[in-house]
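Working notes, beginning with the structure itself.
The values are calculated or read from the model by the stated rules, or taken from the named source; none is laboratory data. Predicted, not measured: the structure shown is a model, and the values here were computed from it. In this analysis, Cβ positions are derived from the backbone assuming ideal geometry, glycine residues included, and neighbour counts consider all displayed protein chains. For accessibility, only protein heavy atoms count, side chains too; no ligands or nucleic acids. Shrake-Rupley method; radii C 1.70, N 1.55, O 1.52, S 1.80 Å.
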Amino acid sequence: MTTPTDTGQAPKRRIPMPNSLPSSMSNSTPKPATARRARRLQEIAAGYIFVGPMLLGVIVFTLIPMIMLLIFSLTDWSFLTGYDKLRISGFGNFARLLQDAEFGESLLHNLIMLLAVPIGMAAALLLAVLISERAYMSSFFKVIFFMPQISSIVAVAVVWQVLFHPSYGPVNGFLSAVGVHEPPKWLADPHYALPSVMLLMIWIDLGVSLIIYIAGLKNIPRDLYEAADIDGASARVKFFRITFPLLTPTSFFLLITGLIANFKTFALIQVLTDGGPAHSTSVIVYDIYQQGFVNLKTGYASAMSIVLFIVILAITFLQWVGQRKWVHQG
Amino acid sequence: MLNKKMLSAAMASALSISLLAGCGSGNGNNNGSDASSAAPTASGAASGSSAASDEPVTIKLASWIPKAQMDGMLAEYKKEKPNVTVAYEELVENNDSVEGLKKLDLLIASGSDLDVVMFPSAAEYSKRVGLDLLAPLDDLLGAEGIKVTDEYTVDPSLNGKVYALPDTYENYFVLLNKEMLDKAGLPVPTNWTWDDFYDYSRKLTSGEGANKVYGTYFHSWPMYMQLGLLNQSKDNNLVNNGVLKVDGPEVRKSLEIRNQTENVDKSAIPYSETISQKLAYRSVYFAKKAAMIVTGNWMITEAGGSDEFPATFVSAFAPMPSNSAGEPSGVSPANGNFMGVLKKSENQQAAYDFIRWYTTKGEQWSNVYSAWKKQDVDQFISGLKTKLKSPDMIDTASLTYVMKNSPTTPLNLPPAYQSELEEAYVKEAEKFVLGQQDMETTISKANAALQKIVDANK
């Protein structure tokens, strides 16, 4: 547990040492110091020139909008009315958010939806192992599972709408054929709509996780398995003692990006359910869209975005802290 | 500190404006109806607020209406006022007013120098008056010496002031597939209640499974959850002057209409199918999946066939059903497009003159059913028939009857937060229609939710 961090930090600690030594010595001899300082300044200037375009882009397109968002969240402003009507009115929006039952529901839906990420990853890992070790024509399966990812989300949604048709869709046709009397109405049923959407999310994102896991599997040294074979380890033991631990960095990457992407889901909800029926699939981003662009309440929508930002930040931070406990660092 | 932020905000907005301005002038060059229109557009704003009658003026108009359709109107206006050039910006390519409105909002937000704007409904108009975007027109109307209620069937006053003129006139009726009516041996109804409607719907339902033809179809719009409320001659909104109308017989009737047809009689396409399949009312009606639909007068021309949905059967028209036998049928809220002048427009007079012409003679010229009182219904229908793709597919007798026998209600403009109210109401109504909660729970929950919104917006 402690060894990986130690080895990770040790080289960093060693690097400053040689640098600090000559610089402390140079203080006694002034002439080379000024020359060095001038060179140092030049280097810094050159550095800024190199990162300048990028920095400018980040400031204009990321930093300024974020600061504006923060300001907007403290106002009752609508983006239609122009900047002269912008009045800071304090934390009223956030106070209202705390009492907004709909927002609470959406947040809950977001948290439930997060389950789709680990479930999807487990499925992807299982498939990755099967495909890379047991299947003929493995590249064929890779393509098959990657298909939903490269298809238009609208097309995918329409296909699933038909599959999930409440009266005579194939899914319910099958369920009634095997004797289920009142099959769920899936996307039109407030209790089943969210699981249906999650199912789709897993299905769409499976391909990416699968490809990344297969790449991760290729990186595991073969000799570990050979050694395990000589020791007489079973397939199960090999999986849990070699494959899974050595894939944890991959899993960590997928988990962190997956959770963030999951939190920001919008397109699928928009084309599939519009947050309905009866608000049962609404998520925060969808609420932001509704408040900001349908009800034209920019201030309130901005406050929602700030809350979303804080929630994502907190979850990512927790994962970053938690990773030391389970991620193998080779 | 704050100044710095404001400065950066101003910088960012200036940047976006210049970007959009770049787009705008590009458009002007591409589609300028006159070769010269691009140049005056640029100088139009500068050329001054004092629009003398023969000084050249350029006003900018943006809407979702296709450019091809608008060009004819604008050419006609050029004949009327040669010194005025109207630069038209088409917001969307598919005639979709909802998408167009979003683009309009962004355009206004980015500081575009638009003069005239158009809204597709009273609710959208009211929402933007709430944001103080539109200029009051009372002085200009007074200068012309007219009263808006004498001139138009719809009164667009909000808080005692007129911020827009009503353009097209929309009211609701029932559109029926006459072939199916004849087959079932039913006459075109002229005076009916919702009970009669259930009866018609049951008799028009036939078939089973995927080939089932339903009696009726209710679209996913919030208005279809309020059918027993919007046929009232007064106070036909969920909230009228701050007073809730949820816990009353009209909303109960509205819910009953949906429950009776969809869940009890199974004569309407189930709501679960409507939302999960995202059904569209045009394809449902023209593909003969449902025999009658409650709809509005924008469908009159479409019943005569469009490129996408050619008319293959005769359509008849019936007034809106009433809630009980004693009440008149055919009552429906008047809605339609509204045209207003932006507050920051520098050509108020010219812009006003244009919308006055557009909403009266202009719409008469293009034979659109408008809110102008002086328009002649018979002339409109005969004019309409010459324009339709298949005029024989419209039952003239019932159309004339409906148009002449639809007592219009005084426009009851919804509050600026109407979309929030509808969202909250539909959320509860959906649960009822889908069989998740009973009537009384629905009413009490919706009542509480709407009261909260009203309180928050006081």
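Using unit Cβ charges (K, R positive; D, E negative) and no other charged atoms, how large, in debye to the nearest 20, is the dipole of chain B about its Cα centre?
500
If you take each beta carbon of peptide A:278-287 and count the beta carbons of other chains within 10 angstrom, what is the mean? Let's see the in-between values first.
Values: counts 11, 7, 4, 0, 1, 0, 0, 0, 0, 0.
Other-chain Cβ atoms within 10 Å of each residue's Cβ, averaged: 2.
Residue-wise, which Karplus ³J(HN,Hα) couplings in Hz belong to segment A:153-167, taking 6.51 cos²θ - 1.76 cosθ + 1.60, θ = phi - 60°, and x for glycine or proline?
Ordered by residue, 3J(HN,Hα) equals 5, 5, 5, 4, 4, 5, 4, 6, 4, 5, 4, 8, 3, x, 9 Hz.
Using the Karplus equation 6.51 cos²θ - 1.76 cosθ + 1.60 (θ = phi - 60°), what ³J(HN,Hα) coupling, rounded to whole Hz, does each residue of segment A:198-203 give in order, writing x for Gly and Pro?
Once rounded to whole Hz, the list reads 4, 4, 5, 4, 4, 4.
Quick check: from the Cα gyration tensor, does the protein assembly as shown come out rounded (a/c under 1.5), prolate or oblate?
It comes out oblate by the Cα gyration axes.
Give the angle, between 0 and 90 degrees and rounded to the nearest 10, that separates the Cα long axis of helix B:249-258 from the longest principal axis of the Cα atoms of chain B.
70
Near the amide H of B:ALA62, under 5 Å away, which other amide H atoms are found, from residues 5 or more places off or on another chain, if H is placed in the peptide plane?
B:GLU89, B:VAL116, B:MET118
How much FRET efficiency would the formula 1/(1 + (r/R0)^6) give for A:GLN329 and A:VAL159, where r is the Cβ-Cβ distance and R0 is 35 Å, rounded to 0.05?
E between A:GLN329 and A:VAL159, to the nearest 0.05, is 0.25.
Which of the lysines could a cross-linker span from B:LYS60 if the Cα-Cα distance has to be under 16 Å and same-chain partners fewer than 8 positions apart are dropped?
The qualifying lysines are B:LYS78, B:LYS81, B:LYS103, B:LYS343, B:LYS344.
Select from segment B:409-454 all residues whose loss of accessible area on going from the chain by itself to the full protein assembly reaches 50 Å² or more (probe 1.4 Å).
Hits at the 50 Å² cut-off: B:GLU420, B:GLU423, B:LYS427, B:LEU434, B:GLN436.
Can you spot the aspartates and glutamates whose alpha carbon is less than 16 Å from B:LYS458's alpha carbon? Ignore those fewer than 8 places along the same chain.
List returned: A:ASP76, B:GLU420.
Round to the nearest 10 and give me the degree value, 0 to 90, for the angle of helix B:439-456's Cα axis relative to the longest principal axis of chain B.
20
For segment A:290-296, what does the Karplus curve 6.51 cos²θ - 1.76 cosθ + 1.60, with θ = phi - 60°, yield as ³J(HN,Hα) per residue in whole Hz, taken in order and with x for Gly and Pro?
3J(HN,Hα) across segment A:290-296, in whole Hz: 4, 5, x, 10, 9, 8, 6.
Based on alpha-carbon centroids, what's the gap between segment A:201-236 and segment B:213-262 in Å, whole number please?
Each part reduced to its Cα centre gives a spacing of 59 Å.
Under the rule of at least 5 residues apart or a separate chain, name every residue whose amide H is placed under 5 Å from the amide H of B:THR85.
So B:THR85 has HN proximity to B:VAL57, B:THR58, B:ILE59.
How big is segment A:114-282 along each principal axis, measuring the range of its Cα positions in Å and listing the largest first?
57, 37, 26
Which whole-number percent is the relative contact order of segment A:114-282 (Cα, under 8 Å, 6+ apart)?
After rounding, I find 34 percent.
Angle check, please: helix B:67-80 long axis (alpha carbons) against the longest principal axis of chain B (alpha carbons), in degrees 0 to 90, nearest 10.
For helix B:67-80, the angle is close to 60 degrees.
What FRET efficiency would be calculated for the residue pair B:ALA287, B:VAL264, taking the C-beta separation as r and a Förster radius of 22 Å, to the nearest 0.05?
Numbers: r = 25 Å, r/R0 = 1.15.
Working from the Cβ atoms, E equals 0.30.
Give me the dipole magnitude in Debye, nearest 20, for segment B:174-286 about the Cα centre, with unit charges on the beta carbon: positive for Lys and Arg, negative for Asp and Glu. All intermediate terms of the calculation are to be shown ahead of the outcome.
Details: 13 positive and 13 negative charges, 47 e Å.
Once rounded to the nearest 20, the dipole reads 220 debye.
Checking the a/c ratio against 1.5 first, then a/b against b/c, what shape does the Cα gyration tensor give for chain B?
prolate
So, for chain B, what is the accessible surface per residue at a probe of 1.4 Å, expressed in square angstrom? Show your work: numbers first, answer last.
Details: 18950 Å² over 458 residues.
Normalised by residue count, the accessible surface of chain B is 41 Å².
Once the Cβ-Cβ distance between A:LEU126 and A:ARG96 is put in as r, and R0 is 41 Å, what FRET efficiency do you end up with, to the nearest 0.05?
0.35
Scan around B:THR193 for amide H atoms under 5 Å from its own, H built in the peptide plane at 1.01 Å from N, and keep only partners 5 or more places away or cross-chain.
Close amide H contacts, sequence-distant or interchain: B:SER322.
Taking chain A on its own, what percent of its Cα-Cα pair distances exceed 29 Å?
When all Cα pairs of chain A are counted, 60 percent exceed 29 Å.
So, in nm, how far is label A:LEU115 from label B:SER233 when the simple model puts each one 7 Å beyond its Cα toward the Cβ?
With each label point 7 Å from Cα toward Cβ, the separation is 5.5 nm.
Among all the lysines, which ones have a C-alpha under 22 Å from A:LYS142's C-alpha, if same-chain residues fewer than 8 places away are not counted?
A:LYS218
Once neighbouring chains are kept in place and the probe is 1.4 Å, which whole percent of the accessible area of segment B:188-337 is contributed by carbon and sulfur? Numbers along the way, then the final one.
Numbers: 2520 of 5100 Å².
Its accessible area is 49 percent carbon and sulfur atoms.
Highest mean first, what order results for A:170-176, A:183-189 on Cβ atoms within 10 Å? Display every interim value, and only then the final one.
Numbers: A:170-176: 14.4, A:183-189: 23.7.
Listed from highest to lowest mean packing, they are A:183-189, A:170-176.
Springs between alpha-carbon atoms under 10 Å, Gaussian network over chain A: tell me which of A:ALA128, A:ALA45, A:ALA303 tops the mean-square fluctuations.
Ranking A:ALA128, A:ALA45, A:ALA303 by mean-square fluctuation puts A:ALA45 first.
Given a cut-off of under 8 Å on Cα pairs at least six residues apart, what relative contact order in percent is computed for segment B:251-356? Don't skip to the answer; put the middle values down first.
Working: 50 pairs, mean separation 12.7, N = 106.
So the answer I get is 12 percent.
When the chain is fully extended, how far beyond the present Cα-Cα distance does B:LEU106 get from B:GLN379, taking 0.36 nm per residue of separation?
94.3 nm
I'd like the distance separating the alpha-carbon centroids of segment B:342-386 and segment B:276-332, in whole Å.
25
Mind ordering B:331-341, B:104-114 by average Cβ neighbours within 10 Å, highest first?
Order by mean packing, descending: B:331-341, B:104-114.
I'd like the interface area for chains A and B: accessible area of each alone minus the complex, both sides summed, 1.4 Å probe, protein heavy atoms only. What is it in Å² to the nearest 100?
3400
Would you tell me the mean number of C-beta atoms belonging to other protein chains that fall within 10 Å of each C-beta in A:288-295, as a whole number?
That average works out to 3.
Could you give the accessible area per residue of chain A, probe 1.4 Å, as a whole number in Å²?
That works out to 59 Å² for each residue.
Average partner chain C-beta neighbours within 10 Å, per residue of A:78-86? Can you show the working numbers first?
Details: counts 8, 6, 11, 7, 10, 6, 0, 2, 2.
The mean count of partner-chain Cβ atoms within 10 Å per residue comes to 6.
Residues of segment A:173-190 losing 30 Å² or more of accessible area relative to the isolated chain, 1.4 Å probe, heavy atoms only?
Going by heavy-atom accessible area, the residues of segment A:173-190 that drop by at least 30 Å² are A:LYS185, A:ALA188, A:PRO190.
With +1 on each Lys and Arg Cβ and -1 on each Asp and Glu Cβ, how big is the dipole of chain A about its Cα centre, in debye rounded to the nearest 20? Show your work: numbers first, answer last.
On the way: 23 positive and 17 negative charges, 340 e Å.
Here chain A has a charge dipole of around 1640 debye.
Rounded to the nearest percent, how much of the accessible area of segment A:114-282 (1.4 Å probe, protein heavy atoms only) is carbon and sulfur?
69
For labels at B:THR400 and B:ASP138 in the simple 7 Å Cα→Cβ model, what's the distance in nm?
The answer from the label model is 4.3 nm.
Of the listed peptides A:137-143, A:287-293, what is their order by residue-averaged count of other C-beta atoms within 10 Å, with the highest listed first?
The densest-packed peptide leads the list: A:287-293, A:137-143.
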